[in-house]
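Presented below is the structure to which this report refers.
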Amino acid sequence: MLKFEKVNKKFGPEFFSLSDLDFEIADGEFVFLTGPSGAGKTTILRLILRDLKPNSGKITLDNLELGKLKSSQLPNLRQKVAMVFQDFRLLFDRTVFENIALALELRGIKQKEIESRVKAILELTSLTNCLNLFPLQLSGGELQRTCLARALVGEPKILLADEPTGNLDPKNARGILDLLIKINKMGTTVVMATHNAELVNSTKNRVINLNKGKITRDVKEGKYEEID
């Protein structure tokens, strides 16, 4: 269970990115965060990842208060919570296999297990034929699937996706959403920030809409809603 209680995040003396947010996300949910640019979607994801701390309020994950974690505890948190970014953030001097394996190498996992887990995740993300390619040799869809594979290989409890289809054509965007839905059905909680109304409206997932740092709508089987 992920829970936000009266969470405020302020940037500078006068600008609130988030104001008094209250919501819960149950294990295994798929939730869309929607709203205009600057609404606070990315800030929510960064708070869950503990890349940011709230100015006030409480964020808990399985009764662990994220704002109070010490720096030494963050690696353990990020084994539970992984994030996929719109701008990929891959290492361009490493192959697809090497990019995905790196997260496991940093955790000290033995090479035999690394090879087994990376091969399994390559198959899940339909990247087996790309394992020896470098990022500059990949299409946009393949790049984003590589990012997903890198995030998933560590078997996180929660997957955060920040506009993962923002740089993709409609066909590849749909493919990424279908993969996220598949991952969710396997038990991973998915929280996806997006502007893509078509993708949101094609599912019956929960939608939390934000505007100016506040929740304007939280619907169990929601649709994308434009805010004037």
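Selection of segment 54-77 for residues being at pLDDT below 95, open to solvent by 70 Å² or more (accessible area, probe 1.4 Å) and outside any helix (DSSP H, G or I) yields 55, 63, 70.
Scanning segment 84-103 for residues that are open to solvent by 20 Å² or more (accessible area, probe 1.4 Å) and on the phi < 0 side of the Ramachandran plot turns up 85, 86, 87, 91, 92, 93, 94, 97, 98, 102, 103.
Can you tell me which of 11, 23 is surrounded by fewer than 17 Cβ atoms within 10 Å (Cβ to Cβ) and either touching a Pro at 6+ places or on another chain (Cβ under 7 Å) or farther than 18 Å from residue 191 by Cα (or both)?
On the way: 23 fails: either touching a Pro at 6+ places or on another chain (Cβ under 7 Å) or farther than 18 Å from residue 191 by Cα (or both).
Going through 11, 23 in turn, the sole match is 11.
The residues of segment 122-134 that are surrounded by fewer than 19 Cβ atoms within 10 Å (Cβ to Cβ) and either out of contact with any Lys or Arg (no Cβ under 9 Å at 6 or more places or on another chain) or touching a residue at least 12 places away in the same chain (Cβ under 8 Å) (or both), listed by number, are 123, 124, 126, 129, 131, 132, 133, 134. Note on segment 179-212: residues that are over 19 Å from the mean Cα position of the chain (by Cα) and open to solvent by less than 50 Å² (accessible area, probe 1.4 Å) total 1.
Inside segment 78-122, can you point out the residues that are among the acidic types (Asp, Glu) and either within 17 Å of residue 51 (Cα to Cα) or not in a helix (DSSP H, G or I) (or both)?
Applying the first criterion (among the acidic types (Asp, Glu)) to segment 78-122 yields 87, 93, 98, 105, 113, 115.
87, 93, listed by residue number.
The single condition among (1) of a type in the set (D, E, K, R); (2) at pLDDT 95 or above; (3) buried (at least 18 other Cβ atoms within 10 Å of the Cβ) that residue 145 does not satisfy is (2). Within segment 108-121, the set of residues being open to solvent by 50 Å² or more (accessible area, probe 1.4 Å) and either on the phi > 0 side of the Ramachandran plot or of a type in the set (D, E, K, R) (or both) comprises 108, 110, 112, 113, 115, 119. Scanning segment 156-174 for residues that are surrounded by fewer than 19 Cβ atoms within 10 Å (Cβ to Cβ) and free of Cβ contacts under 8 Å to residues at least 40 places away in the same chain, we see that the one that is nearest to residue 44 (Cα to Cα) is 174. Of all the residues in segment 196-210, those that are more than 20 Å from residue 5 (Cβ to Cβ) and either in a loop (DSSP other than H, G, I, E, B) or in contact with a strand residue (DSSP E or B) (Cβ under 9 Å, 6 or more places away or on another chain) (or both) number 9. Hey, any hits in segment 180-195 for a residue that's part of a loop (DSSP other than H, G, I, E, B), touching a residue at least 60 places away in the same chain (Cβ under 8 Å) and either in contact with a Cys (Cβ under 8 Å, 6 or more places away or on another chain) or farther than 15 Å from residue 25 by Cβ (or both)? Looking for residues that are part of a loop (DSSP other than H, G, I, E, B), touching a residue at least 60 places away in the same chain (Cβ under 8 Å) and either in contact with a Cys (Cβ under 8 Å, 6 or more places away or on another chain) or farther than 15 Å from residue 25 by Cβ (or both), one finds at least one in segment 180-195, hence yes. Of all the criteria given as (1) surrounded by 13 or more Cβ atoms within 10 Å (Cβ to Cβ); (2) closer than 19 Å to residue 162 by Cα; (3) of a type outside the set (Asp, Glu), the one not satisfied by residue 37 is (1). Among the conditions (1) in a helix (DSSP H, G or I); (2) surrounded by fewer than 16 Cβ atoms within 10 Å (Cβ to Cβ); (3) charged (D, E, K, R), residue 51 misses just one, which is (1).
The values are calculated or read from the model by the stated rules, or taken from the named source; none is laboratory data. Here the structure is a predicted model, which means the values were calculated and not measured. FYI the Cβ positions are ideal-geometry reconstructions off the backbone, even for glycines, and counts take in every protein chain you see. Protein only, heavy atoms only, side chains kept; ligands, DNA and RNA dropped before computing areas. Shrake-Rupley method; radii C 1.70, N 1.55, O 1.52, S 1.80 Å.
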